[in-house]
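Engineer: Next up is a structure, given as structure tokens.
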Amino acid sequence: MPLAQAPEVTEFLTGLDLGTLRQDEISAFRGRNDTWAGVTSAGIPVFVKRVGGEPSTVRPRVDRIKAMGELLDTHPVIHAPQLLGGDVESGLVAFALLEHAQSGADLGGDGFTWELAHSAGFQVGTLHTLPAPRAVAEDTSEPPLPPLKALVALPLEAYAVASGAELEAWAILHNDPVVVEAIGRLAAWERDSTHVLVHGDLRLDQFLYHHDTLHLVDWEEARRADAARDVGAFVGEWLYRGVLGMAGHEETAGEREVVANGARRFETLRPNIEAFWSGYLAARPAARADRELAARAAAFAGWHMFDRLLAAGYERARLTPLERAAAGVGRKVLISPADFTATLGLGG
Ligand SMILES: Nc1ncnc2c1ncn2[C@@H]1O[C@H](COP(=O)(O)OP(=O)(O)O)[C@@H](O)[C@H]1O
Ligand SMILES: [Mg+2]
């Protein structure tokens with residue numbers, strides 16, 4: 001969104017004594033929310049985002065971002081961009097801009113070295129040992145995903161604005177009572193687990209590689225929840241890439257072949273999960289006592305396939321056969337997660 005249409009951004013930055021951004025010098029990033037980034041008139045590299053979405057959720061999300069920013073600004077192990085300010089009224093938050101950073105999604109299978117994946121696991125494991133800041137500890141709202149209500153039926157407003165591909169993804173879920181039940185079981189499993197401070201939206205594009213260091217951004221879903229949420233999301237990211245990254249023949253391959261090719265491709269990505277998991281356990285040895293953590297993480301990875309499918313469908317007419325195959329893989333893992341922990345790199 002052009003700055004001229006968002007005068008509150010200039011007001012916000014000026015109020016924080018950060019100077020102002022000039023329209024011809026800003027860049028925006030892909031994401032759910034409006035963002036503005038650049039070096040201000042005061043010479044400060046800033047990243048501004050407007051926390052959007054359902055109005056009643058803006059305040060708690062900005063509160064979570066601020067609380068996590070304050071916590072992590074002083075933390076030596078977890079690298080997050082410095083929080084410069086946040087405003088619950090406008091929903092604007094500002095961070096130090098990591099200039100020319102590469103996201104974990106850009107790095108992909110080749111760029112994500114063992115060290116980086118280990119560092120990702122070490123940072124997430126450390127996070128899970130930290131006491132939740134007050135705003136997060138007091139927040140008892142349910143994480144928005146998995147969307148337990150929408151698994152049964154999509155609200156009319158959501159139906160009306162959904163793309164064709166999104167409706168296809170919902171139809172896969174709505175026509176599969178076994179998967180819906182497995183997701184319900186996962187929610188109950190999470191409720192009974194030990195809750196820790198989690199990131200809550202741990203995708204590869206939330207990691208930024210900058211000055212030889214991996215940073216973690218986008219803390220608006222931080223909560224006290226099951227550690228398996230974060231571990232499973234990281235696993236699910238690679239699993240999804242495994243299924244989607246395979247070459248050719250997708251139009252003619254049968255489902256069996258699609259899954260087999262995806263499995264082969266996933267083999268080459270699994271070291272990223274093994275490195276993550278070893279970093280995770282090094283930072284949080286107590287996780288070993290949580291005997292079902294790996295299985296719950298596998299289940300969350302299974303759910304993540306559907307989460308990615310719904311996101312991939314945004315503004316598209318049809319799902320591709322590969323995307324449908326990802327749902328098939330997610331289904332298998334969701335239904336018997338304990339059988340897949342070793343395959344997914346969560347052994348040991
Ligand atoms: N401090 C930062 N410096 C540089 N780039 C950033 C910074 N924070 C976020 N980004 C980039 O902008 C994208 C969107 O920001 P994010 O906080 O994840 O918002 P969204 O809620 O829209 O996903 C990120 O995926 C990342 O690529
Ligand atoms: Mg993000």
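Engineer: If packing is taken as the mean number of other Cβ atoms within 10 Å per residue, what is the order of 108-118, 228-238, 2-12, highest first?
Structural biologist: On the way: 108-118: 16.6, 228-238: 28.0, 2-12: 14.5.
In decreasing order of mean packing, 108-118, 228-238, 2-12 become 228-238, 108-118, 2-12.
Engineer: Related question: Need one number: nm distance between label points at ALA263 and ASP212, each 7 Å from Cα along Cα→Cβ, rounded to one decimal.
Structural biologist: 4.1
Engineer: With N residues in the range 129-286, what two-decimal value do you get for its Cα radius of gyration over 2.2 N^0.38 Å? Display every interim value, and only then the final one.
Structural biologist: Numbers: Rg = 18.2 Å, N = 158, 2.2 N^0.38 = 15.1 Å.
Dividing the Cα Rg of the range 129-286 by 2.2 N^0.38 Å gives 1.21.
Engineer: Rolling a 1.4 angstrom probe over the protein heavy atoms, how many square angstrom per residue are accessible across the chain?
Structural biologist: Details: 16260 Å² over 348 residues.
On a per-residue basis, 47 Å².
Engineer: Let me ask another. Run through the range 134-202 and list the GluC sites (Glu not before Pro) located in a DSSP loop whose Cβ has at most 15 other Cβ atoms within 10 Å.
Structural biologist: Details: sites: GLU138, GLU157, GLU166, GLU168, GLU181, GLU190; in loops: GLU138.
Answer in residue order: GLU138.
Engineer: Report the Cα centroid-to-centroid distance between the range 322-342 and the range 18-37 in angstrom, as an integer.
Structural biologist: Going from one Cα centre to the other spans 38 Å.
Engineer: Quick one: divide the alpha-carbon radius of gyration of the chain by 2.2 N^0.38 Å and tell me what you get. Display every interim value, and only then the final one.
Structural biologist: Details: Rg = 20.1 Å, N = 348, 2.2 N^0.38 = 20.3 Å.
For the chain, the normalised Cα radius of gyration is 0.99.
Engineer: Taking all protein chains in place and a 1.4 Å probe, what share, in percent, of the accessible surface of the range 257-348 do carbon and sulfur account for? Don't jump to the answer; show the numbers that get you there.
Structural biologist: Details: 2080 of 3880 Å².
Carbon-and-sulfur percentage of accessible area, whole number: 54.
Engineer: Here's something else I'd like to know. With charges only on Cβ, +1 for K and R and -1 for D and E, what is the dipole size of the range 3-96 about its Cα centre, in debye, rounded to 20? Write down the numbers at each step before the final one.
Structural biologist: Working: 9 positive and 12 negative charges, 71 e Å.
Charge dipole, the range 3-96, about its Cα centre: 340 debye, nearest 20.
The values are calculated or read from the model by the stated rules, or taken from the named source; none is laboratory data. The structure displayed is predicted, hence computed values, not measured ones. Every residue, glycine among them, receives a Cβ derived from its backbone with ideal geometry; neighbour counts consider all protein chains shown. Note: accessible area is taken over every heavy atom of the protein model, side chains too, but ligands, DNA and RNA are not part of it. Shrake-Rupley method; radii C 1.70, N 1.55, O 1.52, S 1.80 Å.
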